[in-house]
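Inspection log for the structure reproduced underneath, given as structure tokens.
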Protein chains: 2
Amino acid sequence: MSDLFVFVNHDLVPASEASLLVSDLAIQRGYGIFDFLKTIDHTPIFPDEHLERFLHSARQLRLDAGRTKEELLGCIRLLMEKNKLPHSGIKLTLTGGYSPDGYALIKPNFVITQSPLQFPLTGLFEKGLRLVSYPHQRQMPDTKTIDYLMAIWLQPYIRERNADDVLYHQGGLISECPRSNFFIVTNEDEVVTPFEGILKGVIRGKVLKVAGRQFKTAERPVTLEEAWNAKEAFITSTTKHVVPVLGLDGRIIGDGAPGKVTRWISEGLGNLVKGLVQRPYV
Amino acid sequence: MSDLFVFVNHDLVPASEASLLVSDLAIQRGYGIFDFLKTIDHTPIFPDEHLERFLHSARQLRLDAGRTKEELLGCIRLLMEKNKLPHSGIKLTLTGGYSPDGYALIKPNFVITQSPLQFPLTGLFEKGLRLVSYPHQRQMPDTKTIDYLMAIWLQPYIRERNADDVLYHQGGLISECPRSNFFIVTNEDEVVTPFEGILKGVIRGKVLKVAGRQFKTAERPVTLEEAWNAKEAFITSTTKHVVPVLGLDGRIIGDGAPGKVTRWISEGLGNLVKGLVQRPYV
């Protein structure tokens, strides 16, 4: 990692020197936003959607990004040319800046990191995920803030229950996983995902479109009980695209194997992404 | 500020060089804890209580502080000797560390900053504070995390309502201000403060003891309605000690001037603190 470069404000610097002063409001007050996109074969995937959401998150937190979408993409390209990583995750972060009193917002700091990312994640689709539910509602859910306090804190809770990730709910109403959106497939093959209290993932949006070509789709409240009894369930994320959820709270979902609808949607999304990449990524 | 020194892990470095790599989980995921204490005339005020709470917060977030209370105090003294600031605020921060995957906890980073702090804050007691209520419950309220996302975000909301700070409530039940605890004095001169969903402030604890010498005290739920109609109200904090709350949500509390009970408690606390300082601080 240490030979990779990081974009900090206006400069490309080696990761081992990419730092922020401790007066930054991210360190002082956990105040910042970010977005995360993927490159496959040197091609940024859905950059428009990610950069628009980045700018939306910045506005929501009253942080001046100081760059247009096109200028942000220019910064990303500079970093990509320097690092020469074909398959990668690119994270853009905007923080509250070096606040003199540790409280008032000031000129933000802007950071872009790039890290190697394998895709597709070999075997993950067939293996699927086991989730465990937990009562929590993220603050400012429609803004991609750096607040992952609960997500990091819950790691041992997840491991102790032999689960791969946590699924947040509030009073039995499901919202999302910390880094992915959640879908169920009903017995009538309707593809359903929560609408409120969530971050609207880029892949979530693409999946709703892809699924809509073949299946009825709905954005509406989903209860834990519905999820436990769903025919299929899956999560969507930029890193993982579509992964079947085969267990929830120790219960097997459907027949415990990746379902037909999930597989159809995963392939449809895969074809959509393939079409964006200059060379097929297999 | 730039000539002041900062303690970072094991070293004293100038503030202009006191930095953390961007891979730190405070920047990546808002994951960290802190505590804040005051020095008056080169004397740390209530260091035991603050350092015990710092270690408690660290344990709650599964961060290994790597130092005993006595060793932490040793680090503070090193910094104090270097900076030679008699009256100051000292902030200790422990972050999630340089996580290779930006998610898993790792060896924490430890930072101590010192900044000049005037005390007492001239005229603040007589001027008092105006608060505006807002529905919010901090996550992990009994842990002093760096999560001040809502507090920073609400600054314009507070200013637009001509208030000095926000008072969090949930369904009309008051918890706390972002950086202070909240008390009311009832018509029967009972001194009451919320007990649940709050950070138990060091000064809050001292005030309950001081007030108990003269008045009935209670830690119990307090509604907004009670606060609007209270005889007196005040906040407590390490920086401000005791400050009358003279308005809440645009309503005048009591007769709109600092009340007798608040003044008695403020003086009692002042005497307690004076007793800790080698030379009287006036």
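Each reported figure results from applying straightforward, stated rules to the coordinates on display, with no laboratory input. This one's a predicted model, so the numbers in the text were calculated from it and none came from an experiment. Cβ coordinates were reconstructed from backbone atoms using ideal geometry, including for glycine residues, and neighbour counts include every protein chain displayed.
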Just the Cα atoms of region A:124-274: what Rg and Dmax do they give in Å? 14.1, 40
Using only the alpha carbons of region A:62-206, determine the length spanned along each of the three principal axes and report them from longest to shortest in whole angstroms. 50, 40, 32
For B:Tyr98, A:Tyr168, what ranking results if the residue with the fewest other Cβ atoms within 10 Å of its Cβ goes first? B:Tyr98, A:Tyr168
Rounded to whole Hz, the Karplus (6.51, -1.76, 1.60) HN-Hα couplings of region A:176-188, x for glycine and proline: 6, 8, x, 10, 7, 9, 10, 10, 10, 10, 7, 4, 8
A correct Karplus calculation of ³J(HN,Hα) over region A:154-171, with 6.51 cos²θ - 1.76 cosθ + 1.60, θ = phi - 60°, whole Hz and x for Gly and Pro, returns 7, 3, x, 4, 5, 4, 4, 9, 6, 9, 9, 7, 9, 10, 6, 9, 10, x
Taking amide H atoms as placed 1.01 Å from N in the peptide plane, list the residues 5 or more away in sequence, or in a different chain, whose amide H sits under 5 Å from that of B:Lys38. B:Ile45, B:Ile90
Of all beta bridges DSSP finds with both residues in the protein assembly as shown, what is the antiparallel percent, to the nearest 5? 80 percent
When N is the residue count of region A:160-231, what does its C-alpha Rg come to as a fraction of 2.2 N^0.38 Å? 1.09
Among A:Val242, A:Val202, A:Val13, which one moves the most in a GNM of chain A with springs linking Cα atoms closer than 10 Å? A:Val13
Computed helical MRE - 222 nm, chain B, DSSP H runs ≥ 4 contributing -39500 (n - 2.57), nearest 500: -8000 deg cm²/dmol
If we count other beta carbons within 10 Å of each Cβ, what is the order of B:Thr186, A:Thr262, B:Thr39, A:Thr122, fewest first? A:Thr122, B:Thr186, B:Thr39, A:Thr262
Please check: in the Gaussian network model of chain A (C-alpha springs, under 10 Å), which one of A:Asp255, A:Asp24, A:Asp189 has the largest mean-square fluctuation. A:Asp255
Treating the point 7 Å from Cα along Cα-beta-carbon as the label, what are the nm separations from A:Glu81 to the other copies, to one decimal? 5.2
Per the Debye formula with a single identical scatterer at each Cα and no solvent contribution, what log10 I(q)/I(0) holds for region B:1-143 at q = 0.08, 0.09, 0.15, 0.19 Å⁻¹? -0.25, -0.32, -0.85, -1.18
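Over 19 Å between Cα atoms: which of B:Lys91/B:Lys209; A:Lys38/A:Lys91; B:Lys84/B:Lys206; B:Lys82/B:Lys274 fall into that group?
B:Lys91/B:Lys209; B:Lys84/B:Lys206; B:Lys82/B:Lys274
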Check: chain A dipole with +1 on Lys, Arg Cβ and -1 on Asp, Glu Cβ, in debye: 380 debye
Three-way shape call for region B:65-147 based on the alpha-carbon gyration tensor, with the a/c threshold at 1.5: oblate
Quick one: what are the phi-derived ³J(HN,Hα) couplings along region B:11-19, Karplus 6.51/-1.76/1.60 with θ = phi - 60°, whole Hz, x for glycine and proline? 10, 8, 10, x, 3, 5, 10, 7, 9
How large is the Kirkwood hydrodynamic radius of the protein assembly as shown, in angstrom, based on all distinct alpha carbon pairs? 25.5 Å
Which GluC sites (Glu not before Pro) from region A:167-210 combine a DSSP loop assignment with at most 16 other Cβ atoms within 10 Å? A:Glu188, A:Glu190, A:Glu196
What is the Cα radius of gyration of chain B over 2.2 N^0.38 Å, N being its residue count? 1.03
Label points 7 Å out from Cα along the Cβ direction at A:Glu226 and B:Lys209: separation in nm? 5.4 nm
Suppose every K and R has +1 on its Cβ and every D and E has -1 on its Cβ; what is the size of the dipole of region A:5-116 about the Cα centre, in Debye to the nearest 20? 120 debye
Relative contact order as a percentage, region A:5-116, C-alpha pairs under 8 Å and 6+ apart, gives 38 percent
Positive end of the dipole of chain A, charges at C-beta (+1 Lys, Arg; -1 Asp, Glu), about the Cα centre: which of A:Val261, A:Leu105, A:Ser133 has its Cα farthest in that direction? A:Val261
Roughly speaking, what is the centre-to-centre gap between region A:146-191 and region A:1-77 when only Cα atoms are used, to the nearest Å? 26 Å
What does the charge dipole of region B:124-274 about its Cα centre add up to, to the nearest 20 debye, if the Cβ of each Lys and Arg holds +1 and the Cβ of each Asp and Glu holds -1? 520 debye
Under 5 Å from the placed amide H of B:Ser99, counting only residues 5+ away or on other chains, we find B:Leu25
Under a 10 Å cutoff between Cα atoms, tell me which one of A:Leu94, A:Leu208, A:Leu121 has the largest fluctuation in the Gaussian network model of chain A. A:Leu121
Longest span of chain B, sites excluded, free of trypsin sites (Lys or Arg not before Pro) in DSSP loop with at most 11 other C-beta atoms within 10 Å? B:85-212
Please list, ordered by chain and number, the residues whose modelled amide H lies under 5 Å from the amide H of B:Ser19; skip anything fewer than 5 residues away on the same chain. A:Val22
